[in-house]
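A short write-up of the structure that comes next.
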Amino acid sequence: MHLIWPAERARPIDDDELERLYTSPDRERWLAVNFVASADGAVEIGGLARPLSTPPDRKVLRLGSDLADVLLIGATTAMVEGFRGVHPDQDTLDRRRRHGLADVPPTAVVTTGRSLPPDAPVITRARVPTLVLTCASVPVPTRRAWQEAGAEVVVAGEDTVDLAAAVAALTRRGLRRIDCEGGPHLFGALTGAGLVDELRLTVSPLLAAGPAGRIATSPLVRPTDLHLATALAEDGTLLLRYLTRPDGPR
């Protein structure tokens, strides 16, 4: 893997430096969002992001979850992708212990209730209790069903999920390094709420065409300026890290 930006530091990098680049800073909160898109901007093929992924993308995606306190994901994405939380192998355990992290990061799922059944794999197959971030308008029986399936329910907001309150609830639990794995509606809402600190975008060497959407979907919000922190390239895959905080990790 080659570091190609910053240009004055362009050179091959090893796994130790790659890990350092993807380690979130020691802040009160750091929220990084991960996405892969084709070279022509498609965010999925056949409804799934997985066909766009490449070995370099999977390497940095794994680093993101390995070095996080909590994974954040939208309920629809969790269901479509069959997400079941983190099941660490020995390499992940070694990395997390080296950084002083819990062996298994919990998953936090954002939902207004309609798209997350209580038997969802992200709840029933998780190694540690999943946090369901929801709102007060969700019926009590639905919330109780999540709890009975093993989840911890966090109510943030009335008719919709108040993402600022939900993220604050995570940080109060000591879950400060937040690794978001989509989907586009959640990313758009997080951006609109001013909660995104870093975008980790993989550009896959593929032309997908078709009707696929973009990585962020939301009502019109004020554009957010980004600072390109690093760009890596391997086997045609481009790995970009953009910061919304210019004093973030480089």
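The values are calculated or read from the model by the stated rules, or taken from the named source; none is laboratory data. On a predicted model such as this, the values are computed, not experimentally measured, just so you know. As a convention, Cβ positions derive from the backbone with ideal geometry for all residues, glycine included, and neighbour counts pool all protein chains shown. When the accessible area is computed, the model is the full protein with side chains, heavy atoms only, and any ligands, DNA or RNA have been set aside. Shrake-Rupley method; radii C 1.70, N 1.55, O 1.52, S 1.80 Å.
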Leaving out ligands, DNA and RNA, what percent of the accessible area of the range 168-250 is carbon and sulfur, probe 1.4 Å? 58 percent
Of the range 107-123, those with amide N under 20 Å from the point 7 Å along the Cα→Cβ vector of residue 53 are 107-110, 120-123
The chain: antiparallel DSSP beta bridges as a percent of all, rounded to 5: 45 percent
Working from the alpha-carbon coordinates of the chain, get Rg over Rh, Rh being the Kirkwood radius. 0.95
Structure-based [θ]222 nm, the chain - -39500 (n - 2.57) summed over DSSP H runs of at least 4, per residue, nearest 500: -7000 deg cm²/dmol
Of the candidates 134, 199, 74, the farthest towards the positive dipole end of the chain (Lys/Arg Cβ +1, Asp/Glu Cβ -1, centred on the Cα centre) is 134
Let's see if you can work this out: charge +1 on each Lys and Arg Cβ, -1 on each Asp and Glu Cβ, no other charges. What is the dipole magnitude of the chain about its Cα centre, in debye to the nearest 20? 340 debye
What's the long-distance tail for the range 101-250, i.e. % of Cα pairs beyond 28 Å? 29 percent
I need the peptides 228-240, 83-95 ranked by packing, meaning the mean over residues of other C-beta atoms within 10 angstrom, with the highest value on top. 228-240, 83-95
Once you have all Cα-Cα distances for the range 1-134, histogram them in 10 Å bins from zero and send the whole-percent values. 11, 35, 37, 15, 2, 0
